Amino acid sequence: MIDYVHGELDKRIKTCVDGVKNGAKKLSDLQIDLTPICLICEEFDSIVERYKSDKTSSRFEKLIEIIKQGRGYKIKLIPVGQSASVGEGGFSLATLENIAQLIICYPSIPESQLRYLGGAKDELIEIAERLIKEGKRPAICTIKGQSRVVTIPDLSGFNVSFVNSNPTDPDDVWWQEMNTETFRLALELRAVKYSQGLIPSPLKQICGELGIEPRSTNKRYTQYLKPVWETALSEAKTLAKN
């Protein structure tokens, strides 16, 4: 999906550049499709870590280009992760200025999530804690180095419906792509080695390779990887006993 969206960005930039060269003076002079595109990257921390360590892939650079240039061509990226400290992903301050951060506030706000806040940090925390005590859902929004506390509205009283033109579960599609024969064989081999005490638990490493976090709130972990791993480990232990 990253490659597709980046390809669309390249196409739109090229169309605009060629149009200017051919004398286009306004947008209506161009034959260009500017249908808005929104790329949502869940588990963004893991995705960045995965692509930064893969020297054969250019997807990390493509993500940065989408962040920096996409907005002008109606292409936006929404990174979703466990940590708001996106700078730990290796972004420069110039890149961070193009990202609006929204920190969902809970009774305890990790210090690491407050590292890049702009404004009076103590005052922001005080406001957020007061709103939490009032039963509201506060969040700290940072845009262009300026931070303020906002309240997430409760939509439970509204008749909200979501239209999905594609009934296929994207998580099912993801797992079909990941769960190849090569992946299963490698998983079974790791399960055997782990059951024999030859290696430490490889589960966290496997999660990193798949771009997911081993958390109970992560559907891709709890419903897809974890059951397969537990089955492979159980079979490996049974095999070792025999």
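The values are calculated or read from the model by the stated rules, or taken from the named source; none is laboratory data. Values in this document were obtained by computation on a predicted structure and should not be read as measured data. Please note: Cβ atoms are built from the backbone with ideal geometry, for glycine as well, and neighbour counts cover all protein chains shown. In case anyone asks, the SASA skips ligands and DNA or RNA and just uses the protein heavy atoms, side chains included. Shrake-Rupley method; radii C 1.70, N 1.55, O 1.52, S 1.80 Å.
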Taking amide H atoms as placed 1.01 Å from N in the peptide plane, list the residues 5 or more away in sequence, or in a different chain, whose amide H sits under 5 Å from that of Cys41.
Ile78, Val80
At a Förster distance of 22 Å, what's the computed FRET efficiency of Val173 paired with Cys38, Cβ-Cβ distance as r, to 0.05?
0.75
Given a Förster distance of 45 angstrom, what is the FRET efficiency for Gln69 paired with Leu198, based on the Cβ-Cβ distance and rounded to 0.05?
0.40
Sorted by accessible area (1.4 Å probe), largest first, how do Ser28, Ser201 line up?
Ser28, Ser201
So what does Leu27 come to for accessible area, using a 1.4 Å probe and Å² rounded to 10?
100 Å²
Ignoring everything but the protein chains, give the 1.4 Å probe accessible area of Arg50 in square angstrom, nearest 10.
80 Å²
Quick one: length gained pulling Thr217 to Val17 fully straight, 0.36 nm per residue minus the C-alpha distance?
67.5 nm
Per-residue HN-Hα couplings for region 180-187, Karplus 6.51 cos²θ - 1.76 cosθ + 1.60 at θ = phi - 60°, whole Hz, x for Gly and Pro?
7, 4, 4, 5, 5, 5, 5, 5
